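One structure is given below, encoded as structure tokens.
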Amino acid sequence: MSNSLVIKKKIKTFKKVITVSGDKSISIRWVLFASLANGTSIAKNLLISEDVLAALKAINKLGIKSKLKKNLCKVYGRGVHGFKYKKGIVIDAFNSGTLGRLILGLLINSKYKIKLIGDKSLSKRDFKRISDPLTKFGAKFKLKNKKNLPLTINGSSNLKPIKYFENKGSAQCKSSVIFAGMRTEGTTTIIAKKSRNHTEIFCKYLNLPIRIKSHKNYDEIKVQKIKKFKALNYNIPSDISSSAFFLALTVLSSNSELLIKNVNINSSRIGVITILKQMGVKIQFKNRKIYKGEKIANIKIISPKSIKSINCPSKLNSGAIDEFLLIFLVAAKAKGVSYFKNIGELNQKESPRLKWGEKILNKMGIKTISTKDSIKIFGNPNLQVKRKIIIKNYLKDHRVFMTSVVAALSFGGHWNIHDKNSINTSFPKFLKIINNLKK
Ligand code: S3P
């Protein structure tokens, strides 16, 4: 079967209620916390995607059993020090930066050397940003080219707490150091630029020894060695990043309306909502509730009559970090020039996303001016794509694939988008939901 998707028609007006899959960041964190708990943790609506399956395989390698039936998952935790494994194990994080980086924090006290590998895309990404702080605790690392996978970690039984300044706004770095701090005697202090805070929310919910002082632009986190905690049953909410593809599709379609149910609207994740609102889109949160410290709501969105350009405040970057490809598409249809700055981190993702975002726009005939960490997008409210567009060789970045589908359905043209299987990384149900909107 072909692994390319051909799209030649725009989507028609739709008015629907949809549910997207479970949140990826929360799903992976649940697997990792459950692997440390005492007893059987159960998750409903766990995201069943390659990244999360990789997390389950990783804890299995560490001697923790799990069972999966549809999207109900059981993890049989054996306590904080319950990992059991032989010498010479290899953990494969596949495509997942979150898994690869977070799990290293848990391996800081490993008895034996452990090798961490990943796929082609993950093997190009920066792991020095994690090995540097973890080395200060006392672990030893060997990395390919001093910064990439494969790497080996050699943990220590004589760990020392550290003071760590996280200045990239990376939740993966912050979380990895929180995990390492949870295994280290004494107080680890993290001064972190604002980023998604699911790890901290899990810690608080589980009553683990963490203290957080929130400042305007950064958080001061103090974490101590953890002791026993109970199994964690959890109902995973839907993913705002997966929802964002349908938010963008609604914005770029005419007279359409969508209600997306039960979405995690953690304030550190809703940059895309704030940005779209500033661009003139009407979005409402309905039936708000709090579940185990996480905010959840149904999201209602209506296609706007017109889209305003934006000079995007940098403080919104971290909360929208996975949604910029989509935001660029919206800017392509805006009236005027939009400007996004300090977004160099986008080039550190599954593919160099700032480059890919620009490439997609240019292929559609949109003018852009970019630097290594910014882009100006010259919007065209009447944009109609007529040409043939091929999207390929993008390191199978799931978000490049899904953004291209949204572009094809919104702007027209004749698109051939390669590597359809890339959606399995984060959102295997994506095309099913798209097809449902077409009915
Ligand atoms: C994630 C953090 C972000 C994000 C990624 C998921 C997480 O990465 O891009 O998709 O779950 O912690 P960075 O921490 O590198 O910004």
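FYI, it's all coordinate maths here, none of it is from the lab. If you're wondering where the values come from, they're calculated on a predicted model, not measured in any experiment. Virtual Cβ from ideal backbone geometry, glycine too; neighbours counted across all protein chains shown.
Here are some notes:
- In plain terms, the residue of V17, V337 with the fewest other Cβ atoms within 10 Å comes first and the most crowded comes last, giving V17, V337.
- When the chain is described by a simple charge dipole with +1 on each Lys and Arg Cβ and -1 on each Asp and Glu Cβ, the residue from T152, S35, S306 located farthest towards its positive end is S35.
- Sparsely packed loop sites in region 134-233 (the GluC sites (Glu not before Pro) outside DSSP H, G, I, E and B with at most 16 other Cβ atoms within 10 Å) comprise E185.
- Square roots of five times the Cα gyration tensor eigenvalues for region 63-119, Å: 20, 17, 11
- Scoring 29-40, 344-355, 109-120 by mean Cβ neighbours within 10 Å over their residues and listing the highest first yields 29-40, 344-355, 109-120.
- Here the chain has an Rg and Dmax of 21.4, 63 Å, counting Cα atoms alone.
- Computed about the Cα centre, the dipole magnitude for the chain is approximately 380 debye when only Lys and Arg (+1) and Asp and Glu (-1) carry charge, each at its Cβ.
- Cβ crowding within 10 Å averaged over residues, with 43-50, 69-76 ranked highest first: 43-50, 69-76
- Here N436 and K70 are evaluated by their C-beta separation; at R0 = 22 Å the FRET efficiency comes out at 0.70.
- Sequence of S303, S374 once ranked by neighbouring C-beta atoms within 10 Å, starting from the fewest: S374, S303
- Taking only the alpha carbons of region 130-178, we obtain Rg and Dmax values of 11.2, 30 Å in that order.
- The trypsin sites (Lys or Arg not before Pro) of region 386-431 meeting both criteria, a DSSP state outside H, G, I, E and B (loop) and at most 12 other C-beta atoms within 10 angstrom of the site's C-beta, are K386, R387, K392.
- Within straight-line cross-link reach of K65, lysines at Cα separation under 19 Å, skipping those fewer than 8 residues along the same chain: K44, K57, K74, K84, K86, K87, K228, K230
- Part-to-part distance (alpha-carbon centres) for region 184-214 and region 308-346, which is given in Å: 29
- Summary of the geometry: region 359-420 and region 3-58, compared by the centres of their Cα atoms, lie 25 Å apart.
- Cα gyration tensor, region 259-363 - rounded (a/c under 1.5), prolate or oblate: oblate
- Cα gyration tensor shape for region 347-439, rounded if a/c is under 1.5, else prolate or oblate: oblate
- Gap separating the Cα centres of region 218-241 and region 119-134, nearest whole Å: 23
- Taking the number of Cβ atoms within 10 Å of each Cβ as an exposure proxy, the fewest-first ranking of T187, T425 is T187, T425.
- Rounded if a/c under 1.5, otherwise prolate or oblate - region 24-227, Cα gyration tensor axes: rounded
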